[in-house]
Amino acid sequence: MDEFKLTQGSTYKVTSVKTREETQETEGTFEGITSMGSVDALVIDVDGQKRLVPTHVVLSIDVIEAAGEEEMDDEDNVHYM
């Protein structure tokens, strides 16, 4: 199996834990990864609004549209809050 890499500008559908019984689906353009204290989160642009999805609640990521082969550079795209 090939290694999977998130690419900036790609469209993904992220399914994450909402409650013990429910999941939440977030579909939008991947902008990068950020940190909030000790928690890392995916930054997804949903209709012009930024949504942060903590990585520890992600159940699955579906590729809707891949932007290209250029992977994100971790050093340039991590923002600390």
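Any read-out appearing in this document is the output of simple, stated calculations on the displayed coordinates, not a laboratory observation. Please read all numbers here as calculations on a predicted model, not as lab measurements. Reconstructed Cβ throughout: ideal geometry from the backbone, glycine too, with neighbour counts over all protein chains shown.
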Note to self: Please compute the modelled spin-label separation between V58 and T7, points set 7 Å along Cα→Cβ, answer in nm with one decimal.
What the structure shows: 1.6 nm
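Give the calculated FRET efficiency between D40 and T19 to the nearest 0.05, with a Förster radius of 30 Å applied to their Cβ-Cβ distance.
Values: r = 21 Å, r/R0 = 0.71.
The computed FRET efficiency comes out at 0.90.
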